[in-house]
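Following: one structure in structure tokens, then a few remarks.
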Amino acid sequence: MYDWSLRRVPDDTKDALRRARATETHEGAQRVLEIMLGSALRAEQTDRFVCSDAGVPVFRVTIGAQARWEGDIKAAITEGFSELVGRIQPPLLKHVTNPLTNERGYQGKDMPLVTWEVESGADWIEIACQPKALGSGRWAQAETFSFPSLADIEAYVMRAVMTAGSQHCPPVIIGVGIGGSFDVAAKIASKATYRAIGSTNPEPVLAAMEERLLRAVNATGFGPMGTGGDTTALAVHVDYSAGHGYTPVAVCFNCWINRRTRARIHADGSVERME
């Protein structure tokens, strides 16, 4: 799945880039969007990486409450990554970094990075992969507020956007997590970026927030890869959790490639590949 995600831009993202190209009013930005679409198609046709920064492997495992399995899922993911490092072409660069020494390699504490969820009523196991590279990963932010208004939250999201500028390889997908605890807000924000571009938030308040934020982000004028233009973000996805009076807000970004892929292992042993 890590290999798959490096070689293919998801269909919803390519469609969003095409729509952006059709509505973009800046000539330079139009050309950059054309280059992005061309790069995405060439990577698929030639089986090459879309970007040389393969990031690090990040997985979200959702286990159905009725799923039955044998074996150690975490060990299988770790062993699978080690096997991939030995065979993948072109070779992966050494992006796995020890934060205490800045030593780089392919192995490290808690690598690959895996988070876990349980889905009630499901009899499958779903594994989602979303490699995080320097461009988008560097600019994630979180801050904790006391009883913030929606306007307070939106103002913070825009501060995060302005701080990132164009350094996260726009047009980006922005995930926002509100509430819960500090770790829960970050998890919600990350999970929000998996949502299909163009889908409607089932919470009317959040759907309206997403529309306002997307307009505001694109009004900044950073444009594709910072060249100026109307297209700084392809989507803003917001979700929330109940919590205490203190409200953490987390903001994260996916670069224009929007690398993500999923596979679902069903009870009968069949494997369904998904985006």
Per the rule of 0.36 nm per residue minus the C-alpha distance, extending residue 7 to residue 110 adds in nm 34.6 nm
The distance between the Cα centres of the stretch 123-165 and the stretch 221-275, in whole Å, is 9
With the label point 7 Å along the Cα-to-beta-carbon line of residue 167 and a cut-off under 15 Å to each amide N, the hits in the stretch 205-235 are 226
Counting only protein heavy atoms and rolling a 1.4 Å probe, one gets per residue an accessible area for the chain in Å² of 49
Under Stokes-Einstein, the stretch 36-127 at 10 °C and 1.306 mPa s, with its Kirkwood radius over C-alpha pairs, diffuses with a coefficient in µm²/s of 102
Plugging the Cβ-Cβ distance of residue 23 and residue 138 into 1/(1 + (r/R0)^6) at R0 = 30 Å yields, to the nearest 0.05, a FRET efficiency of 0.55
Rounded to the nearest 10 Å², the accessible area of residue 36 using a 1.4 Å probe with every protein chain kept is 10
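Taking all protein chains in place and a 1.4 Å probe, what share, in percent, of the accessible surface of the stretch 1-160 do carbon and sulfur account for? Could you put the intermediate results ahead of the total?
Working: 4690 of 8900 Å².
Its accessible area is 53 percent carbon and sulfur atoms.
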By the C-alpha gyration tensor axes a ≥ b ≥ c (rounded if a/c is under 1.5, else prolate when a/b exceeds b/c, else oblate), the shape of the stretch 191-275 is oblate
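Output the relative contact order of the stretch 7-65, whole-number percent, from Cα pairs under 8 angstrom with separation of 6+ residues.
Rounded, it is 41 percent for the stretch 7-65.
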hull vol. (C-alpha, convex hull) per residue for the chain, Å³ -> 142
Label model pair residue 48, residue 118: point-to-point distance (7 angstrom along the Cα→beta-carbon line) in nm is 4.7
With Cα springs under 10 Å, the Gaussian network model of the chain assigns the largest mean-square fluctuation among 139, 69, 124 to 69
Rounded to the nearest 10 Å², the accessible area of residue 51 using a 1.4 Å probe with every protein chain kept is 50
Highest mean packing first, using Cβ neighbours within 10 angstrom, the peptides 99-105, 244-250 sort as 244-250, 99-105
Rounded to 0.05, the calculated FRET efficiency for the beta carbons of residue 83 and residue 272 at R₀ = 25 Å is 0.70
Given 151-159, 21-29, the highest-first ranking by average Cβ count within 10 Å works out to 151-159, 21-29
As a percent rounded to 5, the proportion of antiparallel DSSP bridges among beta bridges in the chain is 65
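The values are calculated or read from the model by the stated rules, or taken from the named source; none is laboratory data. Bear in mind the structure is a predicted one, so any value in this text is a computation, not a measurement. Every residue, glycine among them, receives a Cβ derived from its backbone with ideal geometry; neighbour counts consider all protein chains shown. Keep in mind that these areas ignore ligands, DNA and RNA; they rest on the heavy atoms of the full protein, side chains included. Shrake-Rupley method; radii C 1.70, N 1.55, O 1.52, S 1.80 Å.
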